[in-house]
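Below: one structure, written as C-alpha cells.
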Amino acid sequence: MAYQPPPPGATELGQPTPKDVPKQSVEIKELPPEVRRNFLMAMVFFPSLVGAGICAVLFLGWYLLRDNKTPGQYVDQLRAGVSDGTRRSRWQIARELGEHINDPKLHTPEVLTALLEIVENPALDEEVETWSPSTMIRKPDERRTRLRWFAAYYAGHLAGRLQDPRGTAALCEALDEQNSADPASAAGMRYFAAAGLGLIKDPAAFAPLLKHLENDPDPGVRAIAAKSIGAIAEHRYYREGTLAQADDQLEAVRAGLRTAFKKDGDLDVSYNTAIALARIRDETGRTALEELAKSEDPLHQRMAKQALELLPNGASK
C-alpha cells in the first residue's frame, strides 16, 4: 500500500504516534524521500562508519604495538618456561612460534636447540593445553595436547630446513617412548616424532620408522610411520624427478611397506602404506588406491589420485 501521511495536527514532532492514528505497513521504498534518507543515515550509514572507525583503531593499535620477536627472544622464552615452570608464557611463545615457523629468520640452530630441549624433557607432559575453542566440545582426552608433541613436529621442520642431524637423533629416541602410566601420551609423542622425521627426510630414520610400522601397538603411529617412510623415500630416490640408483636400503623399505600393506588390518595403515608404495613407484597398493579414490571424502580422493599418478601407468581411465 502507498504511504498516507497522517492528517495535519494529528501528530507532534518528537512525540509517539497517538493511538487513534492508524498504523501503516509499508515498504521503505514507499516512504517519502526525506524519511528514507533519515532512516538510512540513522540505521545504516552512521553505524557502518562507527564500526569502520573502531576496526581502524584496533588495526592501528595492533600494527603499532605488535611484537616481532627475534630468534633469540623465542629461545630465551622457551628456555625460561622450561626452567621456571611458567606454563602460560611457554604455551604462548609455542603458539606464536608455530604461526611464524615458515619465517626464514627463525630457522636457526638455537631455535632448534630450544625445541629439542622441550622434546627431551618428559616432565613437560604434565602440562596440557586446549588449542582452540572448537575443541571444547570434544571429550577431555581428545582436547588435550602436549607441548612436547608440538616441539617434536616443529623440531622436525627446522631440522629438515637446517639439515641438522641432531633432529633425527632426538626424534628417533622419542620414537621409542613408552609410558605405562600414560600410554596415550607416549603414543602421541611417538606419532609426532614420526611426523617430524618425515619432515627432516633423513634416510637414517628408515630403520626406526620401519620397526614401528611393523610393531607399534598404536595404529595411528603405524599409519604416520608409513607416511613418513614414503616421504623420505621419495625425497631420497625420486627428488626433482631424477631416479636415484636403487640400493639395498630402498629394497628394505619396499619390503617393509609391502609387508605392512598385506598384513596390517587397520584401514588407515593400509591406505598410508599404499600411498607410500606409490611414492616409490610400487604397484602393490594400486587396487586400494583406486578404491580410496572413490571415497566421499575430498581429501582422501585427492590423496589417492595424486598417488596413482605417480605409478608407471598413472591412474586408471
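The values are calculated or read from the model by the stated rules, or taken from the named source; none is laboratory data. Because the structure is a prediction, the values reported are computed rather than measured. Every residue, glycine among them, receives a Cβ derived from its backbone with ideal geometry; neighbour counts consider all protein chains shown.
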Query raised in the report: So which of ARG148, ARG79, ARG88 ends up being assigned to a helix (DSSP H, G or I), modelled with pLDDT under 75 and basic (Lys, Arg)?
Result: ARG88
Query raised in the report: Taking the stated definitions as given, is GLY188 surrounded by 14 or more Cβ atoms within 10 Å (Cβ to Cβ), within 18 Å of the chain's Cα centre (by Cα), in the same structural domain as VAL75 (by TED's automatic domain parsing) and at pLDDT 95 or above?
Result: no
Query raised in the report: How many residues are over 18 Å from SER228 (Cβ atoms), surrounded by 14 or more Cβ atoms within 10 Å (Cβ to Cβ) and not acidic (Asp, Glu) when one looks only at region 285-317?
Result: 13
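Taking region 1-60 as the search range and keeping residues that are among the charged types (D, E, K, R) and either outside any helix (DSSP H, G or I) or modelled with pLDDT under 70 (or both), which one is surrounded by the most Cβ atoms within 10 Å (Cβ to Cβ)?
Step one: list which residues in region 1-60 are among the charged types (D, E, K, R), which gives 12, 19-20, 23, 27, 29-30, 34, 36-37.
Pick out the ones that are also either outside any helix (DSSP H, G or I) or modelled with pLDDT under 70 (or both) and you get 12, 19-20, 23, 27, 30.
On the way: GLU12: 9, LYS19: 7, ASP20: 6, LYS23: 6, GLU27: 8, GLU30: 12.
Here the answer is GLU30.
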Query raised in the report: Mind checking which pairs have a first residue in region 275-296 that is over 14 Å from ALA255 (Cα atoms) and a second that is of a type in the set (S, T, N, Q) and in a helix (DSSP H, G or I), Cβ under 7 Å, 6 or more apart or different chains?
Result: ALA288/SER270; ALA293/GLN301; SER295/GLN301
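Confirm whether ALA274 is over 28 Å from ARG146 (Cβ atoms) and either crowded, with 24+ Cβ neighbours inside 10 Å or touching a Leu at 6+ places or on another chain (Cβ under 7 Å) (or both). Quick ask: steps written out before the conclusion?
Numbers: over 28 Å from ARG146 (Cβ atoms): yes; either crowded, with 24+ Cβ neighbours inside 10 Å or touching a Leu at 6+ places or on another chain (Cβ under 7 Å) (or both): yes.
Yes.
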Query - Residue check for ASP67: loosely packed, with under 10 Cβ neighbours inside 10 Å, out of contact with any His (no Cβ under 7 Å at 6 or more places or on another chain) and at pLDDT 70 or above - result: no
Query raised in the report: Given the conditions (1) modelled with pLDDT of 95 or more; (2) in the same structural domain as ALA304 (by TED's automatic domain parsing), which single one is not true for GLU283?
Result: (1)
Requested in this report: With the condition kept exactly as written, say whether any residue in region 211-230 is buried (at least 19 other Cβ atoms within 10 Å of the Cβ) and touching a residue at least 60 places away in the same chain (Cβ under 8 Å).
Outcome: yes
